[in-house]
Amino acid sequence: MMQWLLPAAGLFCIVLMAGCLGDDAIPADDGRISVAVTIPPQEEFVREIGGDKVDVMVLVPPGASPHTYELTPGQLTALGSVRMYAAVGSGIEFERAWMDKIVGVNPGMLLVNCSAGLTFLTGDEDEEGGTDPHVWLSVRNAEVMVENICAGLVEIDPDDAAYFEANRDRYLDDLRTLDTGIAASLEDRKGERIMVYHPSWAYFARDYGLVQIPIEDEGKEPGPQGIERLIMQAEADNITVVFASPEYSTKSARVIADAIGGRVALVSPLEANYTENMKHVAAAFGGAA
């Protein structure tokens, strides 16, 4: 697949052939830049940079999973009017599955790899290249993604570069403050294990010294022996909270929580309100929620 290079504050933002758009959401013909993103957290990134000069459309809707979601005919039609697509770029299943069709619908749109410049962690065997695609769940990674998105908007609209870059700088300050706050709140938790249903949180855990224990086994529900092993591990590690996500089944998490006399807490990797959600996640993992 062809790629282009796009400079972004010292990083190389690789332009990919990918795209997305919310179902039945036709880009506004009002002079704004129509930008499509794969997942809800990216919407905040684009809006914070683009302000009133962008019209943002999310393809994978709230409550759906980018590991399994399929484009609708209406979304494919709407893709034809998008000027820029900010791909997660980390090998997430949706982008791998739909890349060719997206390219065919609108080969002329600018496609930006938000993950350009990031270092990937190892993921499940069924993930592309064995890498973990959940890069946005590191606030530090989000800073790089924001840089890449800004570079794409400047590429499309260089006359408004100063506007985009000022918004970028303000938002990056917000993200750095968020990162500092989370690090301080979890300082005393370093080395602790957190049990989660879906293994979304490895980048978050890396940043703040936590250890993620996933319930899923290579994308599948654990069998009876797997459940028993997880119960024993939770008891050995004094785990009392099992974290699940609203986008996935909570059945196994509840079985384990009941067995250890604990509880299930929901944390979403896909909330649209990124900064507030990351604060909530930090509080949950820190035992405050």
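Couple of notes before you dig in:
- For the chain, a simple Cβ point-charge model (Lys and Arg +1, Asp and Glu -1, everything else neutral) yields a dipole of about 400 debye relative to the Cα centre.
- Two-site FRET efficiency, A236 against T68, from Cβ-Cβ distance with R₀ of 45 Å, rounded to 0.05: 0.85
- The calculated FRET efficiency for the pair D174 and T119, based on their C-beta separation and a Förster distance of 30 Å, comes to about 0.85.
- Of the two radii for the stretch 81-141, the radius of gyration is 1.01 times the Kirkwood radius, both from the alpha carbons; that is the Rg over Rh value.
- Shown is the FRET efficiency for A184 and D217, computed with R0 = 30 Å from the Cβ-Cβ distance and rounded to the nearest 0.05: 0.30.
- Calculated [θ] (222 nm, deg cm²/dmol) that DSSP helices of n ≥ 4 give over the chain, each run adding -39,500 (n - 2.57): -12500 deg cm²/dmol
- Near L111, the amide H atoms lying under 5 Å from its own belong to L16, Y85; only residues 5 or more places off or on other chains count, and H is placed 1.01 Å from N.
- Seen against the Cα atoms of the chain and their longest principal axis, helix 93-105 is set at about 20 degrees.
- Summary of packing: across the peptides 83-93, 130-140, 270-280, 221-231, the per-residue average of other C-beta atoms within 10 Å ranks them, highest first, as 83-93, 130-140, 270-280, 221-231.
- Computed from the C-alpha gyration tensor, the three semi-axes of the ellipsoid equivalent to the chain are 34, 21, 16 Å, from longest to shortest.
- In degrees, nearest ten, helix 224-236 long axis to first principal axis of the chain (Cα): 80 degrees
- In the chain, taking the dipole from charged Cβ atoms about the Cα centre, the farthest positive-side position among P158, G50, S138 is held by S138.
- Peptides 233-239, 152-158, ordered by how many other C-beta atoms sit within 10 Å of their residues on average, highest first, read 152-158, 233-239.
- Rg in Å to one decimal, and Dmax rounded to a whole Å, for the stretch 189-285 via C-alpha atoms: 12.7, 38
- Panel order for I149, I33, by other beta carbons found within 10 Å of each beta carbon, from fewest to most: I33, I149.
- For the chain: relative contact order, % (alpha-carbon pairs under 8 angstrom, 6 or more apart): 17 percent
- Prolate/oblate/rounded call for the stretch 23-159, Cα gyration tensor, a/c under 1.5 rounded: oblate
- The ranking of V103, V112 by Cβ neighbour count inside 10 Å, starting from the fewest, reads V103, V112.
- Whole-Hz ³J(HN,Hα) from phi, Karplus 6.51 cos²θ - 1.76 cosθ + 1.60, for the stretch 138-152, glycine and proline x: 9, 4, 5, 5, 4, 4, 5, 4, 5, 4, 5, 5, 4, 4, x
- Within the same chain, aspartates and glutamates fewer than 8 places from K53 are excluded, and of the rest, those with a Cα less than 18 Å from its Cα are D29, D30, E43, E44, E147, E155, D157, D159, D160, E165, D169.
Every number in this text was worked out from the coordinates using simple rules, so none of it is lab data. Because the structure is a prediction, the values reported are computed rather than measured. Cβ coordinates were reconstructed from backbone atoms using ideal geometry, including for glycine residues, and neighbour counts include every protein chain displayed.
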